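Accompanying notes for the structure given below.
The values are calculated or read from the model by the stated rules, or taken from the named source; none is laboratory data. Not measured: the values here are computed from a predicted model. The accessibility values were calculated without ligands, DNA or RNA, using every heavy atom of the protein model including side chains. Shrake-Rupley method; radii C 1.70, N 1.55, O 1.52, S 1.80 Å.
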Amino acid sequence: MDATTANSQRRPFSIKLWPPSENTRKMLVERMTNNLSSPTIFTRKYRSLSKEEAAKNAEEIEDAAFTIANQHYEKEPDGDGSSAVQLYARECSKLILEILKKIPKSEDKEISISEVVPTVQETFFDISKGKRAFIEAEEAQELLKPLKEPGNSYSKICFCNRSFGIHAARIAGPILAALKDQLKEVDLSDFVAGRNEAEALDVMNIFSEALEGSNLKFLNLSDNALGEKGVRAFGKLLQSQTNLEELFLMNDGISQEAANAVSELVPSTEKLKVLHFHNNMTGDEGAVAIAEIVKRSPLLEDFRCSSTRVGSEGGSVLCEALGMCSHLKKLDLRDNMFGPEVGLVLCKALSKHENLTEIYLSYLNLEDEGAIAIANALKDSAPSLAVLEMAGNDITAEAAPAIASCIAAKQLLAKLSLGENKLKDEGAIQIAKALEGHNHLIEVDMSSNALRRAGARVLAQTVLHKDEFKLLNVNGNFISEEGVDELKEIFKKSPEMLASLEDNDPEGEDKDDEEDEEKESGDEGKDVEDELESKLKNLDVKQEASLDTPDSN
């Protein structure tokens with residue numbers, strides 16, 4: 001059962017406050033070093049430390065506070081990590097004060113952080129780092145030794161990126177069986193890579209039996225080319241789970257039969273919050289089985305069923321089921337063969353989702369009909385929407401007013417992706433105007449939309465001065481050489497905000513544009529750019545009117 005390689009794909013955009021970057025952690029250590037060694041109200045009351053002592057203690061304080069906050073986040077993830085950040089800051093402040101209080105009057109004795117905070121036991125056991133490789137019995141014996149230590153606190157294990165053979169699995173089985181009562185998170189993704197089918201299934205059976213009866217909240221079985229046989233090999237583990245909150249089955253060869261097996265073997269999904277099927281060959285009938293799981297998951301917050309070969313029939317059933325998930329925050333259905341008819345079904349489900357913050361609907365063949373229906377539904381729901389992706393759906397300027405009206409209502413929007421459509425300048429300008437008041441905007445993708453100079457310029461001028469903005473992508477369009485120069489001039493103080501234009505085609509023409517130019521050719525003395533400027537002025541008026549008029553739907 002050779003492992004398959006997942007299609008390369010951009011990671012879904014998500015706003016996360018935890019964990020902090022290494023640079024942020026270093027800056028905090030520097031700040032605490034300064035607080036411990038400089039005159040402050042507290043150092044005057046107790047005593048300041050030397051620069052060397054302060055630096056050493058600051059590093060230990062930060063490490064201890066990070067560990068405590070990270071354990072909090074792993075046990076009670078709150079989505080964006082804001083509570084972990086607050087705990088991190090509180091622990092740092094508390095430990096600084098404790099260090100200062102315990103400084104002895106004599107300068108000869110050093111104070112250690114270990115005297116202030118007890119050692120925090122490690123809870124995460126991870127062997128995934130380093131080179132992807134096979135693991136056999138002898139190495140497994142040595143590698144898994146920490147899991148056998150009496151009184152260990154491991155509640156989360158990650159065995160991905162290492163391929164277990166049958167002998168290594170026989171070593172791991174009893175260890176996991178002894179540990180299973182304290183485990184909450186298990187990651188077995190990509191753990192039989194390169195093994196033949198018979199051996200891989202035997203390994204899966206051993207792990208499944210060892211972990212049967214555990215009380216997991218998180219289970220990742222991705223990248224194992226499971227198919228139906230693999231799903232059933234994990235049957236004992238899956239059937240024994242009653243409190244599962246997150247389940248990942250990505251790049252697993254989940255066919256119709258395998259999807260039916262998952263639906264059969266995961267009977268308890270009442271607490272399920274995250275369910276991911278990505279890069280599988282599920283198809284329409286498999287989607288029906290997945291829809292049954294969705295129906296049984298009333299608390300579902302994050303659902304992904306992307307690149308699964310689902311067509312209009314299965315897509316309609318799946319989208320109907322999503323209407324029952326009132327807690328949905330993140331929805332990813334990218335790269336399926338839905339068609340506009342599924343868009344009409346999906347819009348009914350979306351109208352019920354007030355908590356949605358991220359929605360990924362690219363490459364679904366929605367066309368104008370489906371896109372307009374979805375935009376109208378989202379306009380009156382999902383007030384906190386931060387990410388909207390609808391790239392590659394054959395959307396034209398006809399759908400632009402509905403999309404612009406939806407966007408105008410989403411003041412928290414951070415990322416907008418409408419690349420690989422047919423919006424042209426007319427649609428781009430309407431959408432640009434809808435984005436004018438959006439102060440949280442970070443990224444806009446309007447690549448490959450047959451834009452010319454006018455549309456690209458209006459987009460650039462709209463996003464340029466937004467405080468949080470990072471990237472405008474208008475690559476793959478028909479922007480003239482003068483237009484490219486103008487864009488570079490607009491972004492001359494922040495060139496990193498403009499994506500590469502290497503695929504732009506100044507000579508490119510859309511077929512519809514060519515027909516229009518033949519009709520409009522003559523001696524009027526206007527070039528294409530002048531004509532676009534005229535259209536721009538008219539569109540300004542139309543857009544203002546559309547944004548002030550209540551949606552007829």
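Please calculate how many Å² of accessible area region 382-512 carries per residue, with a 1.4 Å probe and no DNA, RNA or ligand atoms counted.
39 Å²
Just the accessible area for Leu17, please: 1.4 Å probe, Å², rounded to the nearest 10?
So the heavy atoms of Leu17 present about 90 Å² to solvent.
Mind checking the alpha-carbon convex hull of region 383-476 and giving the volume per residue in Å³?
Spread over its residues, the Cα hull of region 383-476 gives 74 Å³ apiece.
Give me the percent of the accessible area of region 407-448 that comes from carbon and sulfur atoms, probe 1.4 Å, all protein chains in place.
44 percent
Taking the solvent-accessible surface of protein heavy atoms with a 1.4 Å probe, what is the per residue accessible area of region 221-352 in Å²?
Accessible area per residue: 33 Å².
Mind grabbing the accessible area of Asp63 for me, 1.4 Å probe, Å², rounded to tens?
80 Å²
Order Lys131, Lys145 by their accessible area, 1.4 angstrom probe, all chains in place, largest first.
Lys131, Lys145
How much area per residue is accessible in region 25-97 when the probe is 1.4 Å and only protein heavy atoms are counted (Å²)?
55 Å²
Of Lys156/Lys295; Lys410/Lys433; Lys180/Lys217; Lys273/Lys352, which ones are farther than 22 Å apart at the Cα?
Lys156/Lys295
Between Ala133 and His327, what length comes free when the chain is fully extended (0.36 nm per residue of separation minus the Cα-Cα distance, one decimal in nm)?
Residue separation times 0.36 nm, minus the Cα-Cα distance, leaves 65.8 nm.
Accessible area, 1.4 Å probe, largest first: how do Phe134, Phe491, Phe478 sort?
Phe134, Phe478, Phe491
Roll a 1.4 Å probe over the protein heavy atoms and report the accessible area of Asp445 in Å², nearest 10.
10 Å²
So for Glu509, Glu62, what's the accessible-area order with a 1.4 Å probe, most first?
My answer, sorted largest first, is Glu509, Glu62.
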